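J.: My structure is below; once you've seen it, I'll send some questions.
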Amino acid sequence: MIILFLGALFSSGIIFVLLLGHLLQLRLIKPYRPTGQFSVAVIVPCKGDGDPGFGENLLSIICQEYAGPAQFIFCVESSTDSALPVLNRLKRQFAQVEVCVAGLATTSGQKNLNIIKGMEQAGCADIFLFADADIQPHRTWLQEMVAPFAEPQVGAVTGCFRRVPALANFRLGNYLAGLFGAGIVTGMTSEVIAGLWGGSLAIRRSVVEQLGLRERLATEIVDDIAIMHALHQTQMVRRFVPSCTLKSYCDMSAPASIEWLVRQFQFSQIYFKKLYFFYYVFGLPYAFSILAAPLAFTYGLASGSELIIGATVSFWLSVALVGLLLYQSIPVNPASVSPHDSRYQLIPWLVVTPLAFVAGMLALLKTLVRVRRGILTMYWRSIEYKVDVKTGKVLEIIR
């Protein structure tokens, strides 16, 4: 038992090093000079109008301070999509806004088809900037995302997201989503992982053509991870812009938050199998230690073992410290802060931290039972996908 908790403390130490490295990298990343030299097509796949702050999100995407030419293309799957009236109203209001009805996907993720049709409609833009409809960017977001392309070797630029609770009241799902999101953010500064986030992802048109990304997206389940995989294969340079860690209002139940994490793990299961294996080797023992700690502490009290009591208390303190570092790890651009925004409170955040690791273990185990004979089942935006677990190719779509 002591060996178990010593191992868990060692795991906490590894997490400390990773989080501290992330915080150091955030301080070292320098901002780029604004530029208006590129024409940009901002492509926003939409499905329904149910995202918190949907209308305000879209206005924030459109109302940008960018010196160069920019067009904004909002894509839906069908003419019956509930987002369409909102989009048509924006099209009448802003000359630079276009609306695209992509049709129903049959060979790829629906988001991928929306993006492909958006690129086809974009004409000859230098840069494609993909954005999710649940983000609410600040006014200089577009110029900050485009600025790194002044370096000719940069092929792609990514931002990330930070959850903002839609309600001030405590909701377990919102805190789980916040902690899961914080874990994603900490991987963005790593040049080894070189992650991309499809909610704010810019890429040169020339790179899309060079890597055949349209053709790849036309048959695969996801946009950002497939692009990330292609960049890794060609060792293409990407940049992370911390100031473009955009707020995304969150109102999620605990099951919905866990299902979101299941999908993130499934992307690794398909595209980054070594990383997926690492989650098991590292994550499962850590989560098991969290579950075992109360029993071990009780046993230590009953047996009078100061060593067991000390080991379990030290482990719980290390988990709390991990939660604190995660709390501090999310870059916040003052330009994206609104007075009415709710905040995650530190004490509930720390209390939920061990639950988040256990929920992560549950999400990881769920990915195993969703693979049968090499076919992975994924649920995304009320659509069920059957996917080849080796390649990410979409085999069947059930609506």
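The values are calculated or read from the model by the stated rules, or taken from the named source; none is laboratory data. Keep in mind that what you see is a predicted model, and the values were worked out from it rather than measured. For neighbour counting, all protein chains shown are included, and Cβ atoms are generated from backbone atoms with ideal geometry for every residue, glycine included.
Quick grid of which residues meet (1) outside any helix (DSSP H, G or I); (2) acidic (Asp, Glu); (3) farther than 25 Å from Phe170 by Cβ; (4) over 20 Å from the mean Cα position of the chain (by Cα):
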{"residue": "Pro255", "(1), (2), (3), (4)": "no, no, no, no"}
{"residue": "Val281", "(1), (2), (3), (4)": "no, no, yes, yes"}
{"residue": "Ala292", "(1), (2), (3), (4)": "no, no, yes, yes"}
{"residue": "Tyr299", "(1), (2), (3), (4)": "no, no, yes, yes"}
{"residue": "Ile308", "(1), (2), (3), (4)": "no, no, yes, yes"}
{"residue": "Leu317", "(1), (2), (3), (4)": "no, no, no, yes"}
{"residue": "Leu325", "(1), (2), (3), (4)": "no, no, no, no"}
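J.: Now for a separate question. As an exercise: evaluate Val222 against (1) over 23 Å from Ala356 (Cα atoms); (2) surrounded by fewer than 23 Cβ atoms within 10 Å (Cβ to Cβ); (3) of a type in the set (A, V, I, L, M); (4) in contact (Cβ under 8 Å) with a residue 24 or more places away in the chain and give the number of the one condition it does not meet.
T.: Against the list (1) over 23 Å from Ala356 (Cα atoms); (2) surrounded by fewer than 23 Cβ atoms within 10 Å (Cβ to Cβ); (3) of a type in the set (A, V, I, L, M); (4) in contact (Cβ under 8 Å) with a residue 24 or more places away in the chain, Val222 comes up short only on (2).
J.: In segment 343-399, which residues are closer than 13 Å to Leu176 by Cβ and either loosely packed, with under 12 Cβ neighbours inside 10 Å or at pLDDT below 95 (or both)?
T.: Result: no residue meets the conditions.
J.: Which is part of a strand (DSSP E or B) and within 18 Å of Ala41 (Cα to Cα), of Gln64, Gln71?
T.: Result of the check over Gln64, Gln71: Gln71.
J.: Can you name every residue in segment 90-137 that is surrounded by fewer than 20 Cβ atoms within 10 Å (Cβ to Cβ), farther than 15 Å from Ala41 by Cβ and touching a Ser or Thr at 6+ places or on another chain (Cβ under 6 Å)?
T.: Result: Val101, Thr107, Asp134.
J.: Another question about this same structure. Given the criterion modelled with pLDDT of 95 or more, in a strand (DSSP E or B) and in contact with a strand residue (DSSP E or B) (Cβ under 9 Å, 6 or more places away or on another chain), identify the matching residue among Leu113, Leu142, Leu129.
T.: Leu129
J.: Which of the residues belonging to segment 47-83 are more than 22 Å from Arg205 (Cβ to Cβ), buried (at least 20 other Cβ atoms within 10 Å of the Cβ) and among the hydrophobic types (A, V, I, L, M, F, W, C)?
T.: Correct list: Leu58, Val76, Ala83.
J.: Among (1) assigned by TED's automatic domain parsing to the domain that holds Gly109; (2) closer than 22 Å to Cys160 by Cβ, where does Arg33 come up short?
T.: (1)
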